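The values are calculated or read from the model by the stated rules, or taken from the named source; none is laboratory data. Just so it is clear, the structure is predicted and the values come from calculations on it, not from any experiment. Virtual Cβ from ideal backbone geometry, glycine too; neighbours counted across all protein chains shown.
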Amino acid sequence: MQYVTKRDDVIENIKTLEYFITSGSKEEKEFALDIVLNSEDQIIYKVNGENHFGPVRYCVDKQNTIKEYKANLEEVPQKEINNVMTKIVGNPFFNDKTDEKFAEYAATLNKKLPKIKRSFWRIKDERGKNLDLKL
């Protein structure tokens, strides 16, 4: 496993995750929805102006794939993963409003949302604005 080292690496993983979420492949879509909804640590970004969320654990492995993600799931401590994300995008935060936004996003995925405490990181673009992908 090789960690991401810059914001652009994280963005590439986010784009891959978004591809999986909208994929025609049942395996890719189910994988993406499962890791998004069940992750305690989320990165926030926008797609066409709407908040989207992705699991930090998926976003910190450079050029991540489904196979690599599953193979490394138990191998790396969450604290180490969180430290990598914090170095790249800044400190995590916790608040009820963001939890509500996450629940709204989860509702668009048509899946049941487990009740777990989540922490969030917000990724910015090169101008320092909230990352907004145009897909």
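Brief remarks on what is shown
- Taken over the range 47-72, the criterion of being assigned to a strand (DSSP E or B) and more than 20 Å from residue 23 (Cβ to Cβ) is satisfied by 51 alone.
- Within the range 1-27, the set of residues being of a type in the set (Asp, Glu) and more than 17 Å from residue 57 (Cβ to Cβ) comprises 8, 27.
- The residues listed here are 82, 72; of these, the one that is in contact with a Pro (Cβ under 9 Å, 6 or more places away or on another chain) and surrounded by 11 or more Cβ atoms within 10 Å (Cβ to Cβ) is 82.
- Criterion (over 24 Å from residue 22 (Cβ atoms) and in contact (Cβ under 8 Å) with a residue 40 or more places away in the chain) met by exactly one of 111, 117: 117
- Qualifying residue in the range 50-64 (condition: polar (S, T, N, Q) and surrounded by 19 or more Cβ atoms within 10 Å (Cβ to Cβ)): yes
- Only one entry of 78, 2 meets the criterion of being more than 27 Å from residue 112 (Cα to Cα) and modelled with pLDDT under 95, and that entry is 2.
- Residues considered: 110, 13. Of these, the only one that is crowded, with 19+ Cβ neighbours inside 10 Å and under 21 Å from residue 135 (Cβ atoms) is 13.
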